[in-house]
1. What number of residues within the stretch 181-233 satisfy the criterion of being within 15 Å of the chain's Cα centre (by Cα) and outside any loop (DSSP other than H, G, I, E, B)?
2. Return the pairs, sorted by first residue and then second, in which the second residue is assigned to a strand (DSSP E or B), the first residue lies in the stretch 191-213 and is under 13 Å from residue 403 (Cβ atoms), the beta carbons are less than 6 Å apart, and the residues are 6+ apart or on different chains.
3. Name, by its number, the condition in (1) modelled with pLDDT under 95; (2) surrounded by 12 or more Cβ atoms within 10 Å (Cβ to Cβ); (3) closer than 30 Å to residue 284 by Cβ that does not hold for residue 47.
4. Checking residue 76 against (1) crowded, with 21+ Cβ neighbours inside 10 Å; (2) touching a strand residue (DSSP E or B) at 6+ places or on another chain (Cβ under 7 Å), which single condition isn't satisfied?
5. Conditions: (1) touching a residue at least 40 places away in the same chain (Cβ under 8 Å); (2) exposed (fewer than 15 other Cβ atoms within 10 Å of the Cβ). Residue 112 meets all but one. Number of the miss?
6. Could we say that residue 277 is surrounded by fewer than 19 Cβ atoms within 10 Å (Cβ to Cβ) and in a helix (DSSP H, G or I) here?
7. Can you name every residue in the stretch 280-310 that is without any contact (Cβ under 8 Å) to a residue 24 or more places away in the chain and part of a helix (DSSP H, G or I)?
8. Could you please let me know if residue 343 is outside the structural domain of residue 158 (by TED's automatic domain parsing) and more than 17 Å from residue 297 (Cβ to Cβ)?
């Protein structure tokens, strides 16, 4: 699927096997009737690269196929994907229910920016799936979670919450950025999957990108009153009813509106060049994930036995219900992210980071290179003690993203940095 999971075989004009970079802003219409059909959604085709592009289309199809979804929309970043995924079905006066275990940027988006737009986020602890049901009312438009939350690394109970949502008519949106290939949220009942393709999907650390994948499995019309943006005439697109407009194309009403309204009006879309870069990453993604997971397990075992480390946060080392969820939803490995707590606290964390030689000190994850960060010195430096507990980040916490270097080299760098911490 990573190599052939779309309709692309070769360039129809030249026979080129590699996907060309169609670096164009616009496309010539055959005639006025052709233009009219495209704008009226009576025929699919390219209008303007803010809406679609042949290079980007290959990436969208391939990731949708890899994920088992109906269609995809490539956007400018993972943050854009998350934002669009909510704005596509929620408006002022609505609410979403979100897991507390989130990437910090998503937390800020939900707690502040969406709040200023009139969309309330109700945060609940995913350790109790029924908390999602208790927080739901008639204005709840979605549940939101991360498969493998960064930095807490507690695997989300996808199936349990998805089933609650199906019962109440609420779709589950899952950010699967940290677990491509090893997790398939759509198979476990999620309705929408989002990615930061900047991370593992690209894998090279060169190109920002994001993706929204419509599972095509949620009955929007059956819960029409809850989703007026999809089931009632949309003044943002000439009165189109998206659930009706999508019927000739398949179960893609959600994705069609995201493209026709949000991509068009807000415009945070992926460039053809970055789409090309992401395609190169997709082709080796399954192989890279195997190596990421294999090396990460070696590192986690090493850290668990080190005298300077008081705690290791890694799904493969968890016990009880946390380990059961990890084994239920992660297949073929536990990802490449590892968190650990240095007994020496914040100063030990700083000394460790400053002593690394092979690892890069960056804010990214999912690179081919091994990466490390001490959140208490950067993104979480202003958190209150209560917020530190909620996010799982404490003064001595260090996060690693294990890359593709030889495991012996990775371990050697960790050993010398720990000795200096």
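The values are calculated or read from the model by the stated rules, or taken from the named source; none is laboratory data. Everything numeric here is computed off the predicted structure, so don't read it as measured data. Counting neighbours? That spans all protein chains shown, and the Cβs are built from the backbone with ideal geometry, glycine included.
1. Count: 12.
2. Every condition considered, no pair remains.
3. (3)
4. Residue 76 satisfies every listed condition except (1).
5. All conditions are met except number (1).
6. On the way: surrounded by fewer than 19 Cβ atoms within 10 Å (Cβ to Cβ): no; in a helix (DSSP H, G or I): yes.
No, not satisfied.
7. Taking the stretch 280-310 and keeping what is without any contact (Cβ under 8 Å) to a residue 24 or more places away in the chain, we get 287, 301, 304-305, 307.
Result: 287, 301, 304.
8. On the way: outside the structural domain of residue 158 (by TED's automatic domain parsing): yes; more than 17 Å from residue 297 (Cβ to Cβ): yes.
The answer is yes for residue 343.
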